[in-house]
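J.: Sharing a structure with you now.
Taken together, the values in this text are just the output of simple stated rules run on the coordinates, not laboratory data. Here the structure is a predicted model, which means the values were calculated and not measured. Methodologically, a virtual Cβ is constructed for each residue, glycine included, from the backbone with ideal geometry; neighbour enumeration extends over all protein chains shown.
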Amino acid sequence: MVLTEITGQQFKDMVRSASHRLSKNAEFVDKLNVFPVPDGDTGTNMNLTVTSGAKAVNECDSDRIGDLTEALSKGMLMGARGNSGVITSQLFRGFYKATEDLDTLTATDLATAFSNGVASAYKAVMKPVEGTILTVARVAAESGKNKAAETDDVSEVMRAVVDGARKALKTTPDLLPVLKQVGVVDSGGQGLVFIYQGFLEGLLGEKDNEYQLDDTEMDELINAAHHQAESAQVQLATSDIKNGYCTEIMVDLAADVPDKKKFDLDEFRKHLSELGDSLLAVSDGEVAKVHVHTEHPAEVFTYGKQFGKLGKIKIDNMRIQHETIVENHDEQEEAVDFAVIAVASGHGIRELFKSEGVNRIISGGQTMNPSTQDILDAIKKSGAKKAIILPNNGNIVMAAKQAAELADIPVGIVPTKTISQGLTAMLSFDPDADVDENVEAMSEDLDTVKSGEVTKAIRDTEIDDIQVHKDDFLGIIDGKIAVDNPDLINTTVEMIQKMLDEDSEIITVMYGSDATKKDAEAVIEKIKAVSDDDDLEFEVHDGGQPVYYFLVSVE
């Protein structure tokens with residue numbers, strides 16, 4: 001039987017079936033997400049996006065295709081989350097634009113709608129990448145268009161779209177090296193295949209087992225994803241993340257705000273592209289939605305609110321996400337009798353602590369303090385009979401003490417306030433001594449370590465008679481601002497000079513994710529040039545820490 005059109009009721013069934021199929025398989029899609037920095041959960045984000053669209057369709061009283069696709073588009077835009085969710089919403093934004101004047105859908109209409117959706121999605125992405133959901137959508141639409149040239153049967157066109165999507169999905173590992181490395185298909189592409197399969201099932205009114213992945217296939221693919229993804233991700237450095245905050249905003253363009261500016265989507269995208277990468281900025285004229293990876297989320301908010309009222313706001317620290325992956329990998333290590341647990345951020349610093357005997361690292365530091373529960377969890381997961389905690393930050397000491405009181409084993413706190421103090425404390429650790437003896441010995445030399453930190457000022461102010469200027473570099477000695485200077489190297493040199501005294505012997509410089517080994521060497525050369533002490537020893541390490549260009553210790 002030839003089906004020559006899709007009615008409004010049939011389209012509702014297609015959307016409901018797609019939402020159900022994706023929801024059922026969202027966890028599976030999540031587990032295929034193997035990129036080095038998890039940008040949310042692909043399956044979860046796509047599911048929330050499609051669920052929001054399906055809800056809008058269910059609440060639509062009309063049976064016109066144009067009204068239903070408008071509801072679907074609007075609902076998806078409002079519920080879109082993450083890259084995958086926003087791209088999915090744009091696929092159906094374009095689908096709606098091609099069908100807004102239609103009461104029903106013919107085979108040609110359906111193929112045209114899918115093609116228009118692809119055009120909208122590619123336009124929304126600043127730098128489209130093949131081997132992703134975009135490739136799957138494009139090939140699927142091309143397959144549907146070719147079939148529509150041969151038949152008037154909408155079910156055959158929909159079947160061709162599914163076949164094209166599945167064919168394209170299999171090619172994604174060949175187009176994207178990280179997928180090839182891990183041995184899985186693109187997670188967003190897999191999510192879209194589930195959506196299209198749901199469309200076909202809703203249109204046919206029955207489950208189509210021809211396209212069903214059996215449990216064995218799913219288990220094999222998930223296990224491969226987990227094993228290989230973990231292996232790949234733990235070999236990557238958190239410092240490789242250039243823009244660490246996954247930032248999303250929604251702007252109500254119809255709202256009145258002071259000094260409101262006229263909205264132009266192309267200009268909007270252009271400006272935001274200068275604030276980060278992985279940008280998606282879309283709009284239906286009433287609402288603008290933004291997804292961008294940036295180092296400065298506040299600047300995204302400030303820019304967006306010039307055009308209307310900010311609605312939903314979301315920020316994820318992707319550096320913490322990646323370090324959590326590394327932590328989970330570390331947790332597979334064998335339990336020890338006496339655990340030393342340190343709070344640190346930066347791949348190089350983590351390795352330094354491990355080389356000195358630290359068994360477990362908790363991601364954290366100045367800008368991301370772990371909670372009492374985080375520390376308590378680390379104690380429990382160590383499997384140790386006794387433990388020492390190195391907070392390495394004054395703001396974390398109290399949380400560490402609370403965790404120690406709640407722990408089921410003896411736990412001592414060495415009140416280290418800096419990374420430098422933590423590394424020095426480890427020199428006195430004795431695994432054969434008890435907790436109290438170690439706390440006393442490891443705390444004894446903390447006052448002999450001078451700690452310096454170099455970061456950038458985010459506003460103008462005056463502290464301790466130091467005039468601080470926005471975007472200048474700050475040299476901080478043992479928690480107090482000592483230097484303000486517009487030049488990174490000069491700031492660091494001046495700070496170290498203030499740290500030196502007649503007893504100084506060793507200067508250790510750890511450069512962070514925003515500095516280089518060359519920068520560190522330039523600092524050391526300048527110190528040597530201005531210092532009268534030829535006996536000073538220097539050490540340089542790639543700390544990989546965020547926020548601080550340099551961490552310096554003088555002993």
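J.: Give Lys123/Lys170; Lys289/Lys314; Lys270/Lys456 a once-over and call out the pairs whose C-alpha atoms are over 22 Å from each other.
T.: From the list (Lys123/Lys170; Lys289/Lys314; Lys270/Lys456), the Cα-Cα distance tops 22 Å for Lys123/Lys170; Lys270/Lys456.
J.: When the C-alpha atoms of the stretch 333-448 are aligned to their principal axes, what extent does each axis show, in angstrom, from largest down?
T.: Each principal axis gives a Cα extent; for the stretch 333-448 these are 29, 28, 26 Å.
J.: Now a separate question. So what's the gap between the Cα centers of the stretch 90-105 and the stretch 530-555, to the nearest angstrom?
T.: Cα centroid of the stretch 90-105 versus Cα centroid of the stretch 530-555: 61 Å apart.
J.: How do Met442, Met398 rank when sorted from fewest to most other Cβ atoms within 10 Å of their own Cβ?
T.: The most exposed by this proxy come first: Met398, Met442.
J.: In debye, nearest 20: dipole of the stretch 462-555 around its Cα centre with unit charges on the Cβ of K, R (+) and D, E (-)?
T.: Dipole of the stretch 462-555, to the nearest 20 debye: 500 debye.
J.: Would you please give the FRET efficiency between Leu253 and Met1, computed as 1/(1 + (r/R0)^6) with r the Cβ-Cβ distance and R0 = 45 Å, to the nearest 0.05?
T.: So, using R0 = 45 Å, E works out to roughly 0.45.
J.: If R0 is 41 Å, what FRET efficiency do you get for Glu405 and Thr448 from their C-beta distance, rounded to 0.05?
T.: Between Glu405 and Thr448 the formula returns 0.90.
J.: If you don't mind, another one. Based on the alpha carbon coordinates of the stretch 450-554, what radius of gyration and maximum Cα-Cα distance (Dmax) apply, in Å?
T.: 13.0, 39
J.: Then there's this: If the only charges are +1 at each Lys and Arg Cβ and -1 at each Asp and Glu Cβ, what is the size of the charge dipole of the stretch 444-486 around the Cα centre, to the nearest 20 debye?
T.: 240
J.: Towards the positive end of the charge dipole of the stretch 245-319, with charges on Cβ (+1 Lys, Arg; -1 Asp, Glu), say which of Ala281, Pro258, His271 has the farthest Cα.
T.: Toward the positive end, the furthest listed residue is Pro258.
J.: State the answer as a single residue: which of Gly394, Gly131, Met495 lies farthest towards the positive end of the charge dipole of the chain, with beta carbon charges of +1 for Lys and Arg and -1 for Asp and Glu, about the Cα centre.
T.: Looking along the dipole axis, the top candidate is Gly131.
J.: Could you name the lysines whose alpha carbon sits less than 16 Å from that of Lys147, not counting residues in the same chain fewer than 8 places away?
T.: Lys167
J.: State the antiparallel share, in %, of DSSP beta bridges confined to the chain, rounding to the nearest 5.
T.: Antiparallel bridges: around 70 percent, rounded to the nearest 5.
J.: Right, another one. Could you give me the ³J(HN,Hα) list for the stretch 243-253, computed from phi with Karplus coefficients 6.51, -1.76, 1.60 and θ = phi - 60°, whole Hz, x at Gly and Pro?
T.: Per-residue couplings from phi come out as 10, x, 10, 6, 10, 10, 9, 10, 10, 7, 6 Hz.
J.: Over the chain, how many percent of alpha carbon pairs lie in each 10 Å bin up to the one with the longest distance?
T.: Values per bin, smallest distances first: 4, 16, 22, 20, 17, 12, 7, 3, 0, 0.
J.: Helix 397-406 sits at what angle to the longest principal axis of the chain, using alpha carbons and giving 0 to 90 degrees rounded to 10?
T.: Around 80 degrees separate the two axes.
J.: Here's a follow-up. Please list the non-local residues whose amide H lies under 5 Å from the amide H of His541, H modeled 1.01 Å from N, same-chain partners needing a gap of 5 or more.
T.: Val509, Met510, Tyr511
J.: Compare the Cα positions of Tyr245, Val343, Thr106 along the charge dipole of the chain (+1 at Cβ of Lys, Arg; -1 at Cβ of Asp, Glu; about the Cα centre) and return the one farthest towards the positive end.
T.: Working it through, the farthest residue towards the positive pole turns out to be Thr106.
J.: How large is the dipole of the chain about the Cα centre if only Lys and Arg carry +1 and Asp and Glu carry -1, each at its Cβ, rounded to the nearest 20 debye?
T.: Using Cβ point charges on Lys, Arg, Asp and Glu, the chain gives about 2620 debye.
J.: Helix 154-175 against the longest principal axis of the chain: what's the angle in degrees, Cα atoms only, rounded to the nearest 10?
T.: Value to nearest ten degrees: 30.
J.: Right, here's the next one. Under 16 Å from the 7 Å Cα→Cβ point of Asp501, by amide nitrogen: which residues of the stretch 422-450?
T.: Output list for this probe position: 445-450.
J.: What pairs in Lys24/Lys312; Lys401/Lys480; Lys24/Lys381; Lys127/Lys526; Lys401/Lys450; Lys74/Lys261 have C-alpha atoms more than 30 Å from each other?
T.: Lys24/Lys381; Lys127/Lys526
J.: Hey, rough spin-label estimate for Glu27 and Asp534, points 7 angstrom out along Cα→Cβ, what's it come to in nanometres?
T.: Distance between the two pseudo-spin positions: 7.0 nm.
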